[in-house]
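This report refers to the structure that appears directly beneath it.
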Amino acid sequence: MTLTDPAQTLAALIRCPSVTPEDGGALSTLGQMLGELGFHNDRVTFSDEATPDVDNLYARLGSDGPHLMFAGHTDVVPVGDAEAWSRDPFAADIVDGVMYGRGAVDMKGGIACFVSALARLIARRGAPRGSVSLLITGDEEGPSINGTEKLLAYAARKGERWDAAVVGEPTNPEQMGDMIKIGRRGSLSGILTVEGVQGHAAYPHLADNPLRGLVTLMDGLLDPPLDAGNDRFPPTNLEFTSIDTGNKATNVIPARTTAKFNIRFNDIWTADSLTDELRARLERAARQTRLRPGREPVRYQLDLDPRSSPSFLTRDDALIETLSAAVHEATGRTPVLSTTGGTSDARFIKDYCPVVEFGLVGQTMHMVDERVALSDLESLTGIYELFLERWFDNQSSSAGAR
C-alpha cells in the first residue's frame, strides 16, 4: 500500500468493519500506517457503567514546537439492510471513479486524506517543524462516553498540549470547498410529561385529557421563537420528535402523555439559561385555559438530559484563514464559515485548543451506498497538505518574530 494515495489508505480502513462499538481492526490498520510515518502510537481502552468498552488511538509525530491535532473517528453506523446496497459495504469497490463503503465520507475518508497528505508532505520536504497528533476514537457514532472526551483528558494528564485542531468530519454540503465549520450549536434534549385523568371519550367532563394540556404547553414552548439568531449563529430551534400516550383505544381518554424534544441553540444561550427560559414558558402556558376551559393549571413534569452540549465559536483567525486559503487555492472556492449542523466531537476539543472542522462532501453519509468520488479524495488530500505546510510555516515565522 502506498500511503501517499488516499484511495488506498481509505480502502484499507473501509475493509475493517468497525460498526460502533466494534473496532474491526480499523485502529490497528491506522496505527500501522502512522507507524510507517514515524508516529508513536498509544492505544487506550475506556470503560463506563452500562456502556460498551471502546478502543481509541492517540498517535504523535514529533516532540516539540507548535502542535497540531487532527481528530476523528473510525467507528461507523450500521449498514442497515445489506441487501439494499449495490456493493459490499465493506469491500471498498471502485466503480466509475467512485469508492463505495460504509465510512467512506463519515469519516474514514477524512482520516485517509490526512494520512496521505502528511505522507506527501514528509516525502516532499520532511516532517513538519513541530508536532502532529491524531486523536482517533471508536465511539463517535455511539454514546460518545468512552471516546474523545476521555481520550483528551488522558492525553492532557500525560502532558499533551495542542495549539490548534482540525476535525475531519464531512462539512461540505454539495462540493469540495463549500464550507468550514468554525463552531457548533449546542444541543439540549428533554421529555415533557403531562398528567390527566383517564375516562371515556364520550364523557370528557369526567376526565381530563392530557393531550389538550400537552398541546398548550407545546405551543408555549414554540411561540414566540426563542431568538432570531445573530451574525454568528442561526436561530435557536426546538423540535418535538415524539408524542406518546401508550393508548391503543380510540374511545379512551388517556391518563398521561409524553413528548420528547431536542433544541439546537446558539451562543445567546447556555444550557442553564435555556433551562430557565423553558421552565418559565411552561409555567405561563400551564395556566392557559383556551383548550381546557374551567380546568386547573396543567400538571406536568419536565426532565432534561444532563448530557447537554454547549455551543461554541472558534476565534483563531490564523487557523481559520490558513485553512480557508488552502481550500481556495486547491478548489478555487471561498468556503463559507458556518456553525450549522449537529454536534461533533469538536465540542470536547474546544476546551483544549482552537478547533475547526473540514472534510469531504457529506451527501451520502449514513445512507445506503455511502460513497466518495476519488477526485474528492484527491482534492481533500491536497487541501490538507497545503494547510499542513502553511500552518507550520506560519507558526515558525511567528515564533521567529517573537
Checklist entry - So which residues in the range 178-195 are of a type in the set (Val, Ile, Thr) and outside any loop (DSSP other than H, G, I, E, B)? => result Ile180, Ile191, Thr193, Val194
Checklist entry - Are any residues in the range 287-335 under 22 Å from Glu174 (Cα atoms), among the β-branched types (Val, Ile, Thr) and surrounded by fewer than 20 Cβ atoms within 10 Å (Cβ to Cβ), and if so, which ones? => result Ile320, Thr331, Thr334
Checklist entry - Hey, among the residues in the range 129-138 that are in a loop (DSSP other than H, G, I, E, B) and at pLDDT 95 or above, which one's nearest to Glu357 (Cα to Cα)? => result Gly138
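Of all residues in the range 215-271, count the ones that are in a loop (DSSP other than H, G, I, E, B) and either surrounded by 14 or more Cβ atoms within 10 Å (Cβ to Cβ) or among the hydrophobic types (A, V, I, L, M, F, W, C) (or both). Talk me through it step by step, then tell me what you get.
Narrowing the range 215-271 to residues in a loop (DSSP other than H, G, I, E, B): 223-236, 245-251, 254-255, 266-270.
Filter once more, keeping what is either surrounded by 14 or more Cβ atoms within 10 Å (Cβ to Cβ) or among the hydrophobic types (A, V, I, L, M, F, W, C) (or both): 226-229, 232-236, 245, 247, 249, 254-255, 266-270.
Counting residues in the range 215-271 that are in a loop (DSSP other than H, G, I, E, B) and either surrounded by 14 or more Cβ atoms within 10 Å (Cβ to Cβ) or among the hydrophobic types (A, V, I, L, M, F, W, C) (or both) gives 19.
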Checklist outcome for this item: The residue from Leu323, Leu337, Leu319 that alone is in the same structural domain as Ile180 (by TED's automatic domain parsing), of a type outside the set (D, E, K, R), within 30 Å of Thr236 (Cα to Cα) and not in a helix (DSSP H, G or I) is Leu337
Checklist entry - Any idea which residue in the range 361-396 is farthest from Thr171 (Cα to Cα), counting only those that are in contact with a Ser or Thr (Cβ under 8 Å, 6 or more places away or on another chain) and not in a helix (DSSP H, G or I)? => result Asp369
Checklist entry - Taking Gln175 and the conditions (1) assigned by TED's automatic domain parsing to the domain that holds Phe240; (2) of a type in the set (S, T, N, Q); (3) surrounded by fewer than 19 Cβ atoms within 10 Å (Cβ to Cβ), which numbered condition does it fall short on, given that it satisfies the others? => result (1)
Item to check | Selection from the range 196-214 of residues that are surrounded by 17 or more Cβ atoms within 10 Å (Cβ to Cβ), in a helix (DSSP H, G or I) and not aliphatic (A, V, I, L, M) | outcome: Pro210, Arg212, Gly213
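Quick grid of which residues meet (1) of a type in the set (D, E, K, R); (2) over 30 Å from Ser396 (Cβ atoms); (3) in a loop (DSSP other than H, G, I, E, B); (4) in contact (Cβ under 8 Å) with a residue 12 or more places away in the chain:
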site	(1), (2), (3), (4)
Ser63	no, no, yes, yes
Phe70	no, no, no, yes
Glu83	yes, yes, no, no
Arg87	yes, yes, yes, yes
Gly103	no, yes, yes, yes
Phe114	no, no, no, yes
Arg124	yes, no, no, no
Ala127	no, no, yes, yes
Checklist entry - Which residues, counting only those in the range 89-101, are assigned to a loop (DSSP other than H, G, I, E, B) and either among the aliphatic types (A, V, I, L, M) or not assigned by TED's automatic domain parsing to the domain that holds Pro143 (or both)? => result Ala91, Ala92
Next on the checklist: Between Thr51, Thr45, which is among the β-branched types (Val, Ile, Thr) and either at pLDDT 95 or above or loosely packed, with under 15 Cβ neighbours inside 10 Å (or both)?
Outcome noted: Thr45
Next on the checklist: Suppose we keep only residues that are more than 18 Å from the chain's Cα centre (by Cα) and under 19 Å from Arg390 (Cα atoms) within the range 61-83. Which one would you say is surrounded by the most Cβ atoms within 10 Å (Cβ to Cβ)?
Outcome noted: Leu68
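One line per residue, one yes/no per condition, for (1) within 26 Å of Leu313 (Cβ to Cβ); (2) touching an Asp or Glu at 6+ places or on another chain (Cβ under 7 Å):
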| residue | (1), (2) |
| --- | --- |
| Trp85 | no, yes |
| Ile111 | yes, no |
| Thr148 | yes, yes |
| Gly159 | no, no |
| Glu169 | yes, yes |
| Asp178 | yes, no |
| Ile182 | yes, no |
| Ser187 | yes, no |
| Gly190 | yes, yes |
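The values are calculated or read from the model by the stated rules, or taken from the named source; none is laboratory data. Predicted model only: the values in this text are computed from it and were never measured. Positions of Cβ are generated from backbone atoms using ideal geometry, with glycine treated the same way; all protein chains shown enter the neighbour counts.
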